[in-house]
1. Considering only residues of segment 64-78 that are of a type in the set (A, V, I, L, M) and in a strand (DSSP E or B), which is nearest to A206 (Cα to Cα)?
2. Of all residues in segment 163-185, which are within 37 Å of the chain's Cα centre (by Cα), part of a loop (DSSP other than H, G, I, E, B) and either of a type in the set (S, T, Y) or surrounded by fewer than 16 Cβ atoms within 10 Å (Cβ to Cβ) (or both)?
3. Does D61 qualify as being charged (D, E, K, R), in a helix (DSSP H, G or I) and assigned by TED's automatic domain parsing to the domain that holds N126?
4. Looking at segment 391-414, is at least one residue free of Cβ contacts under 8 Å to residues at least 12 places away in the same chain, surrounded by fewer than 21 Cβ atoms within 10 Å (Cβ to Cβ), more than 24 Å from the chain's Cα centre (by Cα) and part of a helix (DSSP H, G or I)?
5. Report the residue count in segment 347-375 for those that are touching a residue at least 60 places away in the same chain (Cβ under 8 Å), in a helix (DSSP H, G or I) and surrounded by fewer than 23 Cβ atoms within 10 Å (Cβ to Cβ).
6. In segment 110-138, how many residues are closer than 18 Å to P64 by Cα, at pLDDT below 90 and not charged (D, E, K, R)?
7. Pick out the one residue from R34, R15 that is basic (K, R) and over 20 Å from G141 (Cα atoms).
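The values are calculated or read from the model by the stated rules, or taken from the named source; none is laboratory data. Note that the structure is a prediction, hence the values are computed from the model and not measured. Note: ideal-geometry Cβ built from the backbone for every residue, glycine included; neighbour counts use all protein chains shown.
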Amino acid sequence: MRVELPPGPMHFVNRDEEKARAFRAVEEWQGRSRPLVLSLSGPGGLGKTELAFLIARKLRDSFPDVLSVDLDDFRAGGELDPGEVLAQLLDSLGVEPDSLARQFKARCRQYWNLTSDRRLVVVVDNARYASEIVPLLPASGNSVVIVASHGPLHDLEDGAAVDLVLPPLEDPVAMELLELIVRDRRLTTDPEAARTVVRMCDGLPAALHVAGRWVRSHPLRPLSRLIAELRAELDEKGVSSGVEGIWDTAYRSLSSSAALLYRLLPHHPGSTFTHESATALLGLGPETCQDALEELATAGLLELRVVQPTEDGRMRLPGPLHAHARRRARDHEAQGEPAEAQERLLRWFVRQAQLADRFAAGRRLLVADLFAPVPGAPDVPLEDPAETEDRSVRTARAEKAARWLHAERRALFACVRLAHGRGLDTEAVALCEPVWTYAMDHPHESDVTELFRLGVASALRSGNAAWLVRMRCQLARRLWESGKLVDAERELDGAFAALGLLGETDPDRKLRASAIEFRGMLSSVSGDWNAAAADFARSREVHLAIRNHYGAMLQTYRMGQAGAELGDLEAAARLLSEAHIEATAQDRARLSARTGFALGGVLQRLGRTDEARRLYERSLDGARQRGSGFDQARVLDALAELAGAEGASAEADEHRAAADAIRCRNGLLQRP
């Protein structure tokens, strides 16, 4: 069971007709080949999202799984990446990162496999077109999709969608909501002034919340005086009355620091933010930022309710207020206010990503120096795994750092684009290195190739040879993993052309060895294992010369793989055994598992089945401890093959069934 619903609103009124239509449609739906779609539409501020979640809460007894996704979280330059939306939904359904299909069509099949026999509710917020919804429809006709959009989605299949167009609240209902928000006798003692407030809000619940808090913030003044002051201010400013006027009045009542934060939040690169990132954006210190956030919430200009149940407490500026804040920010753009704040936040994100990268991936080859702390903006509370001898604590710290990279991935991607666009090449390259670490654990990310292209462009513009080698190698790998071998070779040729500009320091030699390794990996993907083996051997020589034990161990492993592919099994067994012993000694859990599995395969081919079985079983235990279903399934396949070759058909069937169960659980196979 998975339920992704935020806490309910403090106050919600009316919408009885829409709720009744929605629940009646669910009851009457006959479980056809497509799920029922409830389409809630209307202008921003009408409460569509709250209504969608309210309906979903009422359906929980009949639908054990309730998923939610905000499409605005997946828009870059206004364009939606549907593959990444599916990735989030698949993650919610329990699919492990290494089992996520890379291609969009394969990901669709994976989603259909997982939803074909489920009863689930999917809440989709901020949809713009029907075409954005279609790939997200579960395969089960017993499911319900609740969509919130600014306009009706005309292209959804007839008969499968119920359109619920939300009108503004009528005055009596709007008054009821205002009374719930304010709970003030002035509303009854001066009903005409109260009705004026309601009319100014145009029936929008979002505006009523702001107006109600504005009234509450002046508890001693008569309501008629507040209305007169508001009208006078609007007349003086030349602003028409209405919702915009209510928001402007609340904004003008803010302290300078809260008003500044309100103007800056639309320029945050991520759709959500934390106290730490808001502090870096504001640039006035943690306490001032905390006070400003609380003041914005009190004024009704920010919803402090956590939008995701994560350890870092993410917040969001609601959509209509986001647009209002951006309009207010335009008044200060000439002063360079947003640009200065964005660059400060950009440098803060670079440093946090670099720290998370080091803590998640350990010490490795890097070409960018660690950025200095940003004054007044403390680091995210991540801890260095290397500072403890406790293995479980080290693992927990590394996993927390990896989770931070995942949670902030959208902001980091946006920061790479921002840095390159502003000519901040050092920041762009420095950010590409943590993005690389994230992408290694999440190879499905479609944005990463574009980001590495920007990294290459920044490296070229800077003229830094080390950066260029590193960025071209990273881009090359993404290209060959996408089947673009010619493009990958072109990038590696460019990397090798820059190698001649490097010096003979240990970091330069290490980078040279890395480039040779990448060329060997491309040769292996192309099927030229002789060339691959030669490059891996050359790379290992360099690592041995500079006493980089990890690099030498990795190349030994790759040489063993090449030997196995070339049929030199005795040499492959020797190399893989050496790599496995060294990986275990260096406490490299993943490489220890990979080398052990590869060695097991070679020993099985040599007829040393008992040794192979022991290695497979250790690899299986390690995969279970890491929670890697992908690795578990492939080890179980190997054990099944081994058992089958020995005539143990029942054992082989048991292993195959276990592997198939893992793949079914991850949507890679359809359940029988």
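1. Filtering segment 64-78 for residues of a type in the set (A, V, I, L, M) gives 66-67, 69, 71, 76.
Checking the rest, the ones that are also in a strand (DSSP E or B) come to 66-67, 69, 76.
Values: V66: 25, L67: 24, V69: 21, A76: 26 Å.
Per the criteria, the residue is V69.
2. Of everything in segment 163-185, just one residue is within 37 Å of the chain's Cα centre (by Cα), part of a loop (DSSP other than H, G, I, E, B) and either of a type in the set (S, T, Y) or surrounded by fewer than 16 Cβ atoms within 10 Å (Cβ to Cβ) (or both), namely P167.
3. Values: charged (D, E, K, R): yes; in a helix (DSSP H, G or I): no; assigned by TED's automatic domain parsing to the domain that holds N126: yes.
No, not satisfied.
4. Yes, segment 391-414 contains at least one residue that is free of Cβ contacts under 8 Å to residues at least 12 places away in the same chain, surrounded by fewer than 21 Cβ atoms within 10 Å (Cβ to Cβ), more than 24 Å from the chain's Cα centre (by Cα) and part of a helix (DSSP H, G or I).
5. 3
6. 1
7. On the way: R34 fails: over 20 Å from G141 (Cα atoms).
Result of the check over R34, R15: R15.
The rows are residues; the columns are (1) buried (at least 21 other Cβ atoms within 10 Å of the Cβ); (2) free of Cβ contacts under 8 Å to residues at least 40 places away in the same chain; (3) closer than 27 Å to R391 by Cβ; (4) among the acidic types (D, E).
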site: S592; (1), (2), (3), (4): yes, yes, yes, no
site: V602; (1), (2), (3), (4): yes, no, no, no
site: L615; (1), (2), (3), (4): yes, yes, yes, no
site: R618; (1), (2), (3), (4): no, yes, yes, no
site: A648; (1), (2), (3), (4): no, yes, no, no
site: D660; (1), (2), (3), (4): no, yes, no, yes
site: Q670; (1), (2), (3), (4): no, no, no, no
